[in-house]
């Protein structure tokens, strides 16, 4: 990009002032292009991103098996310092993915269902522990990503079990399920999820069977399946994740736990629950069920 040179040559303070038209002609580009750039110049950050992107491309070209984490680890060797999150953003924009990772985008296909769809997109329940929904969300900190697997009781909207980790492995989902089972021991509950590999894993399926729970999986591309859990994740995003930049994973972990246990469960009133909090609703619901 030679536009800054043209600007410097045409400046009033230049030692030998060169008209814009002459400089553009000599350098081989149009004056219209120069004036368009002058109106909206490329920032230093844009230059830095372009330089970093070129370096990432070179690293990836040397070994296509490198994903953004490996590329990030290689950059200091080239004299470049950049956060892993920034490398992830630029690699995603340029589609610089490891050839060993699973395919992404519209052509990516979820794995086969290991359970029948017992819910059929009817996300209602007549009693507590009749239907649980589970899904995983993620968020960045300066130390890297943090993942949350949450399990929600459809009747009360209460999060009955959750797990937070920096790895999105099957153990993340299993730990959340174990917490839910410990807090709400109840056989025959239907646990509905998408077709993520964590929920299709052998240890997760075994954990369901060992505790008398019934697994359920929606069909491919079922928007309602996601929407049923997205209401909770959207609140979490708005009230915790997007509040400010998180420096450490531990800081974000504590903030998520505090918001779920204190604000969401005990302070946030929900219209669907008759303007009660999840905790208040469960007390009323259980009292009514006992009386009946």
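The values are calculated or read from the model by the stated rules, or taken from the named source; none is laboratory data. Fair warning: this is a prediction, and the values are worked out from it, not measured in the lab. Positions of Cβ are backbone-derived with ideal geometry, glycine not excepted, and every protein chain shown enters the neighbour counts.
When the test is whether a residue is modelled with pLDDT of 95 or more, farther than 16 Å from residue 135 by Cα and more than 21 Å from the chain's Cα centre (by Cα), residue 213 passes it.
Based on what the data block shows, is residue 172 touching a residue at least 12 places away in the same chain (Cβ under 8 Å), in a helix (DSSP H, G or I) and over 17 Å from the mean Cα position of the chain (by Cα)? Considered against the rule, which asks whether it is touching a residue at least 12 places away in the same chain (Cβ under 8 Å), in a helix (DSSP H, G or I) and over 17 Å from the mean Cα position of the chain (by Cα), residue 172 comes out as no. Does residue 271 satisfy being under 18 Å from the mean Cα position of the chain (by Cα) and exposed (fewer than 14 other Cβ atoms within 10 Å of the Cβ)? Taking the combined requirement at face value, the residue does not satisfy it. When the stretch 153-168 is filtered for residues that are surrounded by fewer than 20 Cβ atoms within 10 Å (Cβ to Cβ) and part of a loop (DSSP other than H, G, I, E, B), the ones remaining, listed by number, are 166, 167, 168.
Quick check on the stretch 34-42. Is at least one of its residues surrounded by fewer than 16 Cβ atoms within 10 Å (Cβ to Cβ) and either closer than 30 Å to residue 74 by Cα or in contact with a strand residue (DSSP E or B) (Cβ under 8 Å, 6 or more places away or on another chain) (or both)? Yes, the conditions are met somewhere in the stretch 34-42.
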